[in-house]
Structure formats: C-alpha cells, structure tokens
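Asks: Dumping the structure here so I can ask a few things about it.
The values are calculated or read from the model by the stated rules, or taken from the named source; none is laboratory data. Quantities reported herein were computed from a predicted structural model and do not represent experimental measurements. Please note: Cβ atoms are built from the backbone with ideal geometry, for glycine as well, and neighbour counts cover all protein chains shown.
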Amino acid sequence: MNLDYVRKMSRQGKIPAHKMPGGRAFRYLKDEVVEWLRGLPAHETEVEEQASSG
C-alpha cells in the first residue's frame, strides 16, 4: 500500500493506529494490524493492492 493512502486511512479511523502527541505521527501495533487484516474480505485486500499499484 502507498504510504499516503495508509496515512489517510489512519486519519479516517479505517486502520488501527495510535496518534502520537502533536497529532501528525501515527504508530501501529503489529498485532492490531494483523487482526484487522484478518477481518478483511480477501477480495477487498486484492482490490486495494491493485488500486495502490496502478
């Protein structure tokens, strides 16, 4: 995924992320992200990957 896309999704609350003091940086916990990915339908993940690469 494109870094800007990940940041946008983090700001929108679509990816589990923790905003750091100052409000510009995010931190991601591996276990939370893995659990979030497991909850996505397989086709949604493929569509997002294609969108970011093309």
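Asks: For region 1-26, give me the residue count where each residue is within 11 Å of the chain's Cα centre (by Cα), exposed (fewer than 10 other Cβ atoms within 10 Å of the Cβ) and not in a helix (DSSP H, G or I).
Replies: 2
Asks: Which members of region 39-54 meet the condition of being part of a loop (DSSP other than H, G, I, E, B) and modelled with pLDDT of 70 or more?
Replies: The answer is LEU40, PRO41.
Asks: Something else about it: Considering only region 30-38, I want to know if a residue exists there that is acidic (Asp, Glu), out of contact with any Leu (no Cβ under 7 Å at 6 or more places or on another chain), at pLDDT below 90 and surrounded by fewer than 11 Cβ atoms within 10 Å (Cβ to Cβ).
Replies: No, every residue in region 30-38 fails to be acidic (Asp, Glu), out of contact with any Leu (no Cβ under 7 Å at 6 or more places or on another chain), at pLDDT below 90 and surrounded by fewer than 11 Cβ atoms within 10 Å (Cβ to Cβ).
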